[in-house]
1. Hey, could you get me the Stokes-Einstein D for segment 123-180, Kirkwood radius over alpha-carbon pairs, 4 °C and 1.567 mPa s, rounded to whole µm² s⁻¹?
2. Hey, which aspartates and glutamates would be in cross-link range of K400, C-alpha to C-alpha under 14 Å, not counting anything within fewer than 8 residues on its own chain?
3. Under a straight-distance cross-link criterion of Cα-Cα below 18 Å, which lysines are reachable from K309, leaving out those fewer than 8 residues away in the same chain?
4. Round to a whole angstrom and tell me the spacing of the C-alpha centers of segment 581-619 and segment 545-575.
5. Cα axis of helix 406-424 to longest principal axis of the chain: angle in degrees, 0 to 90, nearest 10?
6. Helix 82-96 versus the longest principal axis of the chain: what is the Cα-based angle in degrees, 0 to 90, to the nearest 10?
7. Quantify how much of the Cα-Cα distance distribution of segment 308-377 extends past 21 Å, in percent.
8. Using alpha-carbon positions, what is the distance between the centroids of segment 298-351 and segment 255-269, in Å?
Amino acid sequence: MSFWNVVSRIILKGRVFVLLVLIAATLFLSTQWKYAHFSHTEANILPKDHPVNLAYDNFLELFGEEGNLILLAVKDSSVFKHEKFNNWNALSKQLREHNEVSYAISLSDIKKLRKDKNEKKFIVEPLFEEAPENDEEIQRIKEELFTKLPFFDNLLFNKETGTLQTLIYLKKEIVNTPVRKKFVLNKLNPLIDKFEKDNDLDIIVSGMPFIRTMNSSNIQEEMQMFLGLALLVTALIFFFFFRSFRATFITMIVVSIGVMWAFGFIGLFRYEISILTALIPPLIIVIGVPNAIFLINKYQHEVGIHGGKARSLKRVITKIGNATLMTNLTTAAGFATFIFTRSQLLSEFGVIASISILAIFLLALLIIPVVYSFLPIPQEKHLRHLNKPWIDGIISWFEKTVRYRRVEIYITTVVIIIISMIGIYLIKVSGSLIEDMPKNKQFTKDIQFVEDEFGGVLALEFLIDSKKPKGVMKLSTLKRMESLNEIIDEIPELSRSISILDVVKYTKQAFYNNNPEYYQLPTREEQVFIMPYVKNSSNNENLLATYVDSTGRYTRLTTFMQDIGTEKMERIEERIDARVEKAFPKEKYEVTMTGKALVFLKGTNYLIKNLIVSLGLAILLISLFMGWMFRSFRMILISLIPNMLPLLLTAGVMGYLGIPLKPSTILVFSVAFGISVDDTIHFLAKYRQELIASNWKVRKSIYAAIRETGISMFYTSIVLFFGFLVFTVSSFGGTIALGGLVSGTLLVAMLANLLLLPSLLLSLENRIANKKVFKEPKIDVLVEEE
């Protein structure tokens with residue numbers, strides 16, 4: 001008795017026990033849901049021990065979390081009317097009262113330095129003591145602000161456009177916790193909405209804590225939408241094909257339990273729900289339905305032949321079970337390759353996706369035969385879809401095309417390969433923290449506003465190690481920093497920098513009675529006169545703490561950059577590195593460029609390289625599966641060609657349409673390859689069965705395989721096409737690209753497997769149609785003879 005005969009006996013004889021085990025497993029996994037929650041930290045693609053991550057961790061140790069700034073901006077001339085002006089400043093005071101806020105800085109918080117000649121020190125004074133009572137006072141404040149205080153230009157205002165900005169610094173310990181989300185959604189947003197309504201002003205809100213919160217909320221909403229849409233679309237298509245409420249309901253039960261298990265696995269492994277793992281539940285629906293199609297279609301096909309329920313259910317398990325197992329193994333292998341990327345984000349996605357795919361196979365194999373064993377045998381009306389004229393017409397077209405137009409198929413294939421190869425050379429690599437965010441959301445539009453007005457929201461940090469205690473405050477170090485500052489000013493994608501340089505320049509300006517012309521580094525002679533004033537000032541430590549560590553050895557220089565891709569960033573890095581190498585001798589200084597934005601951009605290049613490796617690994621693993629099944633190198637090549645062609649075409653289309661290679665689009669290839677090869681396995685399994693039955697008559701076997709597996713392959717491909725197409729309704733650019741490209745790739749893969757694959761088998765019939773190619777007994781595990 002074969003292995004699958006034993007499996008069928010266990011499932012059908014112990015059907016009550018099987019159902020109890022499934023219920024117990026579902027109840028257990030449901031207890032793990034409480035551990036599955038959305039991630040509150042930014043996705044870090046790089047491995048923890050990567051040099052870029054280590055440099056960033058070193059920066060955080062010295063200066064703490066740098067992504068804790070929320071920006072409020074207003075561009076409206078009416079804000080300089082005394083009532084609105086005072087309300088704008090009062091807003092920062094209101095925000096400062098919240099426990100989540102470390103401090104907030106608005107115009108009313110600006111402090112001026114005034115030289116006290118008698119005491120030889122700088123006195124800190126507010127820009128204005130009391131809230132201005134009329135517009136004339138505000139105009140005087142505005143004039144002083146815009147003409148005499150360059151320290152705050154591009155920080156709290158833009159003197160060219162009149163835009164004002166308030167800086168809100170969250171407490172660093174809450175930035176990567178649920179507290180940040182609650183503050184933004186439940187406190188900040190309602191407060192801003194009320195302020196806008198009361199003052200008739202449009203407030204721009206940005207900064208990474210705010211962007212991350214709004215983005216993750218959008219992901220949560222879309223995950224629920226995708227689940228609903230995936231269930232609805234696959235149910236409608238399934239019903240359209242089978243015209244059976246019973247079959248549709250059973251299938252939806254199977255995939256719904258699969259989704260429950262997927263969430264349970266996330267909780268069981270204590271993983272957080274990221275932008276990638278959020279895609280797994282709807283993916284399980286889309287991938288799980290084809291399993292049901294093959295099993296139910298085979299059951300109904302067997303019932304139509306001999307009418308016996310028990311015999312039909314047994315044959316479903318023995319004839320389809322192993323082929324379906326192999327197809328799910330290849331799909332799971334496509335996802336499992338992400339585990340080897342050494343990226344936590346991708347590794348977790350690979351683990352949960354591959355386990356969930358195998359779980360949905362197990363659920364379909366157990367639930368569908370067991371449930372049908374309790375139900376009456378399908379009636380004639382349930383079997384009509386097997387002989388519908390339009391389906392017969394489609395399958396006949398495939399058969400006739402393979403029979404009579406193989407030359408045209410090969411010519412079309414060669415043309416597609418040539419055109420695709422040209423398109424591949426047009427592909428560009430892109431990586432951006434914001435690029436794939438929803439363009440129609442206000443928080444995304446606000447990012448563009450901040451970029452235009454203040455240079456960007458993505459912090460780029462420079463950590464400068466002077467290698468000596470108090471080495472930062474030496475004039476020679478400051479001049480070297482000024483050289484770095486000059487190159488930053490020359491790069492339009494970077495904002496004006498903020499560093500200890502600005503404090504030093506401001507002290508010189510204050511020494512010369514706040515004349516803005518003296519906002520510059522002091523000379524050595526001037527430093528001799530200014531230093532006593534600095535040392536005698538009580539707020540000296542507070543002025544330096546943000547920019548210099550306690551030893552005076554390390555300092556930071558912060559700039560903000562626009563949402564640029566990896567290619568532009570690499571050119572910027574080259575310019576800056578050249579200046580750093582010239583200005584900072586390596587034996588005396590160490591300068592490190594870091595920041596969350598840089599970590600992400602570096603992660604993109606790392607990810608693309610690793611995903612290309614993972615795609616190669618997926619192809620290798622699936623080739624090994626094919627080798628194990630067919631024991632022939634020729635069969636491995638024949639099975640791979642129809643599945644590589646769609647990937648080439650997709651890559652070519654990306655090049656022609658200007659769709660860049662980025663984390664979201666590179667996923668397409670591994671996912672699509674792992675799924676598309678399923679059709680190949682089903683076709684070759686049936687082909688092998690027909691070869692045995694027909695005494696190795698290739699042509700008869702191929703046409704029989706097209707007729708029987710063609711219907712299921714067509715059904716599953718349509719379900720997969722529309723199932724993945726669901727993702728195109730997303731507001732995230734990456735998800736749209738993933739859905740559109742995968743659905744298109746799988747549709748082309750179906751055509752390749754029903755046209756090119758049988759054509760290749762026919763053309764090479766004399767070389768492959770023998771028992772040496774299909775060596776016993778390995779291939780016998782695929783199917784059982786009639």
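The values are calculated or read from the model by the stated rules, or taken from the named source; none is laboratory data. Quick caveat: nothing in here was measured; it's all calculated off a predicted structure. Counting neighbours? That spans all protein chains shown, and the Cβs are built from the backbone with ideal geometry, glycine included. Accessible surface areas use protein heavy atoms only, side chains included; no ligands, DNA or RNA. Shrake-Rupley method; radii C 1.70, N 1.55, O 1.52, S 1.80 Å.
1. Numbers: Rh = 13.9 Å.
The calculation lands on 93 µm²/s.
2. D392, E408
3. K13, K298, K319, K381
4. Value for the Cα centre distance between the two parts: 14 Å.
5. Long axis of 406-424 versus the principal axis of the chain: about 10 degrees.
6. So the helix axis and the longest Cα principal axis differ by about 60 degrees.
7. Numbers: 964 of 2415 pairs.
Percent of Cα pairs beyond 21 Å in segment 308-377: 40.
8. Taking the Cα centre of segment 255-269 as reference, the centre of segment 298-351 is 18 Å away.
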